[in-house]
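Undergrad: Below: one structure in structure tokens.
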Amino acid sequence: MPEIEMSCFQNMTSLLPVQVTVENTEACPRYAGVSIKGVTIGESPDWLKKRLLSVGVRPISNIVDVTNFILHELGQPLHAFDLDEIAGQKIIVKTLPEGSKFQSLDERERSLSEQDLMICDGDSKPMCIGGVFGGATSGVKDTTKNIFLESAHFNAKWIRRSSTRHDLRTDAARVFEKGSDPNVCVYALQRAAEMIVELAGGEIASAVVDVYPKLIENQLITVTFDYVNRLIGMEIPKEKINEILLALEMKIVAETSNSFTVNVPTNKADVTRPADVVEEILRVFGLDNVPAPAQIRSSMVSSEKPDPNAVRNTVADYLAANSFNEVMCLSLSQSAFYKEILPKEASELVFVNNTSNVQLDIMRPTMLFSGLEAVVNNQNRQQMDLKLFEFGKTYLIAGSGLRNADSTAPNPKSQIANPKYVEPQHLALFLTGQRLPESWRNKEKVSADFFSLKSFVGNVLARLGVGGGFQETGVKDDIFAYGIKYHRGPQDLVVFGKVQPKVCKKMGIRGEVFYADLNWDMLLQAAKKAVHQFCGVEQIPDRAQRPCGGDR
């Protein structure tokens, strides 16, 4: 984008110069800004409001609306500071010590990380999380008369980490984390300054400050014509490829009979490999124009017996026929559950690095809490009588000592050089509320109880051909107030019972909850002994022939 001198800069004064220092050039490769004095904060004209509303942006004030307009016009986020709130008329772009406090625009006090890039004033007081969110005091207010307009290019990784760390998914952060154009900063700044002077009055009060120590140049990517044709699946004429790239402002600077080198502008931050260049070509050429192959080749594969999907569908159909609803919960969970409700050592949990949600920071080690969250969600919507089931996995560190792990001996993660993770499959059942659905036939309104759950567990085992040959052991622990475990020696098949009232209370659940955890991997192994039941769909009995629960 050419950096041109606009009309509002012709009579520029230097009454309010601002000094800019960038201490972290990795996180902020370019920082530009300009001062504008004597502005009047007010409503934007109708044409600007309509333009913003057409793209789903709510008009706020003329200054803020201009920055939002430039963001959507040029793809360059801007930020306006109240110049009178900048101590010493000095901007310092740097990181602050871990745990530093920052009052953000939403009036929340946030604890900063040493990896958060901050825009600070001359006293090193944070005014803004760079590229993410503004501060409570430094932003434009109704009484603002002088502003400092910022236009910068930030490192995508730094912005992504700060945005997710503080759960601030702003429009500016979304642009920066995908890669902004460093060479449009000054042009966007001048364009915005001209609009502000036109709509809010005032005049340019400083020269444009542009800290750009290392020029970011266009990339040169070499691609072979054979690679393009092979990846797309058809031969595209060289003239067509040149035409498409030229329309995308990606000029071919060198070409041979076998390959070409394309000059990728800095506004295409996601084009870094030959495959990305091919994607750009195909995007314009059109996937619909690629013919389907005349021949379709396939190979014969063998499947294990019984078919796990057929077994799963059979059990799911049985449960659905008995008024159960299937839920599909997140495999991500909150470590807070295992600190406050069901205490576990941190070394026993599988944590997620760089999670997009600061609360969902672990992979669930049990099916319990995801199901209880579904119960709470339904109860909050006046659905009190629930029968729920879920097929899913839990995520464990081998030897951590959690239920259904390969070993029952605790082994802290800190003592495991290369921890191995296991993902056992489960079927979880949840009962709460009335045993039978609300109807004129249900006059007694009997509540679901332990024996209701036991009948369903027994019928599921019978349907899988696991009708006996296991031991029963009573259970009472942090999860169950009372219950039963079916097992074959050390191998647990299912454990079920009444969830501890204190667990339900801490989750905000009203009433009793009965929970069954079936070890689906072990049950599939046991079902192989009854393989004739699952060899084909036509051999699976229809719903009317299947055993029904004790409630039917």
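The values are calculated or read from the model by the stated rules, or taken from the named source; none is laboratory data. Please read all numbers here as calculations on a predicted model, not as lab measurements. In this analysis, Cβ positions are derived from the backbone assuming ideal geometry, glycine residues included, and neighbour counts consider all displayed protein chains.
Undergrad: Would you say Q491 is out of contact with any Cys (no Cβ under 8 Å at 6 or more places or on another chain), in the same structural domain as C329 (by TED's automatic domain parsing), free of Cβ contacts under 8 Å to residues at least 60 places away in the same chain and of a type in the set (S, T, N, Q)? Walk me through it before giving the result.
TA: Working: out of contact with any Cys (no Cβ under 8 Å at 6 or more places or on another chain): yes; in the same structural domain as C329 (by TED's automatic domain parsing): yes; free of Cβ contacts under 8 Å to residues at least 60 places away in the same chain: yes; of a type in the set (S, T, N, Q): yes.
Spelling it out, Q491 is indeed out of contact with any Cys (no Cβ under 8 Å at 6 or more places or on another chain), in the same structural domain as C329 (by TED's automatic domain parsing), free of Cβ contacts under 8 Å to residues at least 60 places away in the same chain and of a type in the set (S, T, N, Q).
Undergrad: Out of curiosity, is F148 assigned to a strand (DSSP E or B) and either over 16 Å from L78 (Cα atoms) or not assigned by TED's automatic domain parsing to the domain that holds Q190 (or both)? So that I can check it myself, show each step before the final result.
TA: Numbers: assigned to a strand (DSSP E or B): yes; either over 16 Å from L78 (Cα atoms) or not assigned by TED's automatic domain parsing to the domain that holds Q190 (or both): no.
For F148, the condition - assigned to a strand (DSSP E or B) and either over 16 Å from L78 (Cα atoms) or not assigned by TED's automatic domain parsing to the domain that holds Q190 (or both) - is not met.
Undergrad: Checking V495 against (1) modelled with pLDDT of 90 or more; (2) within 38 Å of the chain's Cα centre (by Cα); (3) surrounded by fewer than 21 Cβ atoms within 10 Å (Cβ to Cβ), which test does it fail?
TA: (3)
Undergrad: Take the residues in region 133-157 that are among the aliphatic types (A, V, I, L, M) and farther than 15 Å from Y31 by Cα, then tell me which one is modelled with the lowest pLDDT.
TA: Of the residues in region 133-157, the ones among the aliphatic types (A, V, I, L, M) are 136, 140, 147, 149, 152, 156.
Now narrow it down to the ones that are farther than 15 Å from Y31 by Cα: 136, 140, 147.
Numbers: A136: 86, V140: 91, I147: 94.
Result: A136.
Undergrad: Another one. If only one of D210, D167, D181 is of a type outside the set (K, R), in contact (Cβ under 8 Å) with a residue 60 or more places away in the chain and touching a Ser or Thr at 6+ places or on another chain (Cβ under 6 Å), which one is it?
TA: Checking each option against the conditions leaves just D181.
Undergrad: Working only within region 314-344, note down all residues that are assigned to a helix (DSSP H, G or I) and either touching a residue at least 24 places away in the same chain (Cβ under 8 Å) or under 29 Å from the mean Cα position of the chain (by Cα) (or both). Please lay out each step first, then the result.
TA: Residues of region 314-344 assigned to a helix (DSSP H, G or I): 314-321, 337-341.
Selection gives T314, V315, A316, D317, Y318, L319, A321, F337, Y338, K339, E340, I341.
Undergrad: Turning to a different aspect of this structure: Confirm whether L388 is at pLDDT 90 or above and either closer than 30 Å to L319 by Cα or assigned by TED's automatic domain parsing to the domain that holds A346 (or both). Give the steps one after another, and end with the answer.
TA: On the way: at pLDDT 90 or above: yes; either closer than 30 Å to L319 by Cα or assigned by TED's automatic domain parsing to the domain that holds A346 (or both): yes.
Yes.
Residue-by-condition table, conditions (1) within 20 Å of A172 (Cβ to Cβ); (2) touching a residue at least 40 places away in the same chain (Cβ under 8 Å):
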{"position": "L78", "(1), (2)": "yes, yes"}
{"position": "P97", "(1), (2)": "no, no"}
{"position": "L105", "(1), (2)": "yes, no"}
{"position": "S113", "(1), (2)": "yes, yes"}
{"position": "K125", "(1), (2)": "no, no"}
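Undergrad: Now a separate question. Could you look through region 116-165, keep only residues that are over 20 Å from the mean Cα position of the chain (by Cα) and of a type in the set (S, T, N, Q), and pick out the one that is surrounded by the most Cβ atoms within 10 Å (Cβ to Cβ)? Show your work before the answer.
TA: Just the residues of region 116-165 that are over 20 Å from the mean Cα position of the chain (by Cα), to begin with: 117-130, 134-154.
Cutting the leftovers down to of a type in the set (S, T, N, Q) gives us 124, 137-138, 143-144, 146, 151.
On the way: S124: 13, T137: 12, S138: 25, T143: 8, T144: 20, N146: 20, S151: 28.
Once the filter is applied, the top-ranked residue is S151.
Undergrad: In region 332-341, how many are surrounded by fewer than 17 Cβ atoms within 10 Å (Cβ to Cβ) and over 21 Å from R110 (Cβ atoms)?
TA: Here the count works out to 2.
Undergrad: Next question. Are any residues in region 213-251 without any contact (Cβ under 8 Å) to a residue 24 or more places away in the chain and within 37 Å of the chain's Cα centre (by Cα), and if so, which ones? Don't jump to the end; show me each part of the working.
TA: As a first pass, look at region 213-251 and keep what is without any contact (Cβ under 8 Å) to a residue 24 or more places away in the chain: 215, 229-230, 235, 237-239, 242-243, 246, 249, 251.
Within region 213-251, L215, N229, R230, L246, E249, K251 qualify.
Undergrad: Of the residues in region 177-187, how many are surrounded by fewer than 24 Cβ atoms within 10 Å (Cβ to Cβ) and part of a helix (DSSP H, G or I)? Reasoning before the result, please.
TA: The first filter runs over region 177-187 and keeps only residues surrounded by fewer than 24 Cβ atoms within 10 Å (Cβ to Cβ), leaving 177-179, 181-184, 186-187.
Filter once more, keeping what is part of a helix (DSSP H, G or I): 177-178, 182-184, 186-187.
Residues that pass the stated criteria total 7.
Undergrad: Something else: Can you tell me which residue among S370, S452 is at pLDDT 75 or above, farther than 26 Å from S335 by Cα, outside any strand (DSSP E or B) and hydroxyl-bearing (S, T, Y)? Give the derivation first.
TA: Working: S370 fails: farther than 26 Å from S335 by Cα.
Answer to the selection: S452.
Undergrad: A follow-up question, please. Of all residues in region 345-365 being modelled with pLDDT of 85 or more and part of a loop (DSSP other than H, G, I, E, B), which is surrounded by the fewest Cβ atoms within 10 Å (Cβ to Cβ)?
TA: Taking region 345-365 first, the residues modelled with pLDDT of 85 or more are 349-352, 360-365.
Imposing the further condition that a residue be part of a loop (DSSP other than H, G, I, E, B) reduces the set to 349, 352, 364-365.
Details: L349: 23, V352: 17, R364: 24, P365: 25.
Step by step, filter region 345-365, then rank; the result is V352.
Undergrad: Enumerate the pairs (first residue in region 501-518 and at negative phi; second residue anywhere and basic (K, R) and surrounded by 24 or more Cβ atoms within 10 Å (Cβ to Cβ)) with beta-carbon separation below 8 Å, excluding pairs fewer than 6 apart on the same chain, so at least 6 apart or on different chains.
TA: Note: no pairs meet the criteria.
Undergrad: Can you tell me which of P424, P419, P437 is modelled with pLDDT of 90 or more, out of contact with any Cys (no Cβ under 6 Å at 6 or more places or on another chain) and in the same structural domain as I341 (by TED's automatic domain parsing)?
TA: Details: P419 fails: modelled with pLDDT of 90 or more; P437 fails: modelled with pLDDT of 90 or more.
Going through P424, P419, P437 in turn, just one is modelled with pLDDT of 90 or more, out of contact with any Cys (no Cβ under 6 Å at 6 or more places or on another chain) and in the same structural domain as I341 (by TED's automatic domain parsing): P424.
Undergrad: Hey, G135 hits all of (1) closer than 23 Å to V34 by Cα; (2) of a type outside the set (A, V, I, L, M); (3) touching an Asp or Glu at 6+ places or on another chain (Cβ under 7 Å) but one; which does it fall short on?
TA: It is condition (3) that G135 fails.
Undergrad: Considering A310, A316, A321, A336, which residue is in contact with a Cys (Cβ under 8 Å, 6 or more places away or on another chain) and either basic (K, R) or at pLDDT 85 or above (or both)? Talk me through it step by step, then tell me what you get.
TA: Values: A310 fails: in contact with a Cys (Cβ under 8 Å, 6 or more places away or on another chain); A316 fails: in contact with a Cys (Cβ under 8 Å, 6 or more places away or on another chain); A336 fails: in contact with a Cys (Cβ under 8 Å, 6 or more places away or on another chain).
Result of the check over A310, A316, A321, A336: A321.
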